[in-house]
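Every read-out reported here was derived from the displayed coordinates using simple, explicitly stated rules and does not represent laboratory data. All of these numbers come straight from a predicted model, not from anything done at the bench. Note that we place each Cβ from the backbone using ideal geometry, even for glycine, and neighbour counts take in every protein chain shown.
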Amino acid sequence: MLSAEEVGIIMLSLKVSIVAVAAILPLSFGIAWLLARKRFPGRVLLDALVHLPLVVPPVVTGWLLLLAFGRNGPVGAWLESWFGATVMFRWTGAAIAAAVMALPLTVRAMRLSIEAVDRRLESAARTLGATPFHVFRTITLPLAVPGIVAGAVLGFARSIGEFGATITFVSNIPGETRTLPLAIYGALQVPGAEAMVTRLSIISVILSLGALIVSELLARRAGHGRGGHVL
Amino acid sequence: MGGAAMSFDLDISVALGGTRIATTFSAGPGLTALFGPSGAGKTTILNMAAGLVRPDSGRIAIAGETLFDTAADIDRPPEARRAGYVFQDGRLFPHRRVRANLLYGEALADPAQRWITLDEVTDFLGIAHLLDRWPRTLSGGEAQRVAIGRALLSAPRFLLMDEPLSSLDAARREEIMLVIERVRDTLGLPILYVSHDRAEVERLATTIIAIG
């Protein structure tokens, strides 16, 4: 029922989204922790920068990525000279676009869960002999798990749906950057490809729905026995 | 200032949110009760003894060890003070079963400094049957006994108790009071105890310090 081309599109979308989320998870948690716990100069600016992709048109985000990662852009030139690599018109570029667009959602979910951790429990752990790092590892991090899971799944769903920044940044190249939404858009331009549009759209809905259900199940398991509700 | 034999020797002051909390007292062995109205800063004094709040100036020596001294530039972090802190609200870790809560501080203590085992603690406090339970399934009295056990297992040199009875009904209060009397009389640990209940303090305290 699915053509080899369609299976390839789905696998590419999954690869791009999984790599994007895996790459931003530690970064998101670090930023979320800083925003939730630390007062430092530039905190408001960091908060605004992280949220920027949520509010500017995705085509602008894509264009900014193009400027940064292009051959003459600051990041692009650096990648080229050090690794001889480029992300232009590659699936890695699509993953970068997905990651940037997902970042506000992952940071937000994680920040809320870190803020919800009762700091009095952390004080109690200190009096029991735990160093601040041990407290982080054994109290703060485990109690924030539901938010980390929620953030990862939201980020994944956002990545699967990413369109505007991707097509602007790395174009719509079959096998490299033509993810599900780009393929659906492409098929819509072709007369008689309605069946493909329908099939790919159904797959999109199933992936997003599946992600949400998995997140709910994981969050429930993480919350088992604790009383406190999650998500 | 008290002599070297004092269990508690505090001379501290701190300004928090516009109010100044200052106290100077020395007390011998047994249970020393800080007694006074709510909002007088009793809990803040416990937090300073535990290292959770830093005094602006002064000195804290407990059971013969200086934990804080602005003049000598000493300020031991909470994890190095070996305080067994029993909080008003229990503060059991919700993601760990009772057994893992009890062993949290035990695992971090220097084995040579441990002076009580898990079996002894569960016998002493009557909580052996609770070991596999989650904290949220415990009654107030059970949770407070687990909290006391967790503090004892962390190999403390002294105990800090912040109104450990206040969230309990009358029957449970009696039960925990008996536990505290046993801790005071059989374990020989100096205890700094905060309360605003006169009857409770008169029954439990070896020394009473009025605060506020």
*Assuming R0 = 22 Å, what is the FRET efficiency of B:THR186 and B:LEU131, from their Cβ-Cβ distance, to the nearest 0.05?*
0.50
*Would you mind ranking A:LEU121, B:LEU187, A:LEU180 so that the residue whose beta carbon has the fewest other beta carbons within 10 Å leads the list?*
B:LEU187, A:LEU121, A:LEU180
*Which residues' amide hydrogens lie under 5 Å from the amide hydrogen of B:LEU160, considering only partners 5 or more residues apart or on another chain, with H built in the peptide plane?*
B:GLY84, B:TYR85, B:VAL86, B:LEU192
*asked:* Between segment B:42-85 and segment A:46-70, what is the separation of their alpha carbon centroids in Å?
replied: 49
*Tell me, what ³J(HN,Hα) does each residue in segment A:165-180 have, in order and in whole Hz, if you take phi through Karplus 6.51 cos²θ - 1.76 cosθ + 1.60 with θ = phi - 60° and put x for Gly and Pro?*
5, 5, 5, 6, 7, 10, 6, 10, 10, x, x, 10, 10, 7, 7, 3
*Please turn the phi angles of segment A:80-87 into ³J(HN,Hα) values with the Karplus equation 6.51 cos²θ - 1.76 cosθ + 1.60 (θ = phi - 60°), one per residue in order, whole Hz, x for glycine and proline.*
4, 6, 8, 10, x, 10, 9, 9
_Under the rule that an exposed site lies in a DSSP loop and has at most 11 other Cβ atoms within 10 Å, name the longest stretch of chain A with no trypsin sites (Lys or Arg not before Pro) of that kind, not counting the sites themselves._
A:72-231
*Could you list which residues have their amide H under 5 Å from that of B:VAL53, counting only those 5 or more apart in sequence or on another chain, with H placed in the peptide plane?*
B:MET48
*Work out from phi, with θ = phi - 60° and the Karplus expression 6.51 cos²θ - 1.76 cosθ + 1.60, the ³J(HN,Hα) of each residue of segment B:19-35, listed in order in whole Hz, and give x for Gly and Pro.*
9, 9, 10, 9, 8, 9, 7, 10, 8, x, x, x, 9, 9, 9, 8, 10
_What does the extension gain come out to for A:LEU209 and A:VAL59, with contour length at 0.36 nm per residue minus their alpha carbon separation?_
51.4 nm
*Could you tell me the distance between the Cα centroids of segment A:87-139 and segment A:7-29, to the nearest Å?*
18
_Computed [θ] at 222 nm, deg cm²/dmol, the protein assembly as shown (DSSP H ≥ 4; -39,500 (n - 2.57); rounded to nearest 500)_ = -17000 deg cm²/dmol
*With a Förster radius of 56 Å, plug the Cβ-Cβ distance of A:LEU188 and B:ALA100 into 1/(1 + (r/R0)^6) and report the FRET value to the nearest 0.05.*
0.50
*Which angle between 0 and 90 degrees, to the nearest 10, do you get for helix A:91-115 versus the longest principal axis of chain A when only C-alpha atoms count?*
30
*At a Förster distance of 56 Å, what's the computed FRET efficiency of A:ALA195 paired with A:ALA85, Cβ-Cβ distance as r, to 0.05?*
0.90
_With just the Cα atoms defining each centre, how far is segment B:179-212 from segment A:159-217? Give it in Å._
68
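First select every other residue whose beta carbon is under 15 angstrom from the beta carbon of B:GLU163; then total the charges, Lys and Arg +1, Asp and Glu -1.
Local charge sum for B:GLU163: +2.
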*Starting from the Cα of A:ASN72, step 7 Å along the direction of its Cβ; do the same at B:ASP119; then give the gap between the two resulting points in nm.*
7.9
*What nm distance separates the two modelled labels at A:ASP47 and B:ASP169, each placed 7 Å from Cα along Cα→Cβ?*
4.4
*Against the longest alpha carbon principal axis of chain B, how many degrees, from 0 to 90 and to the nearest 10, is the axis of helix B:170-182 turned?*
70
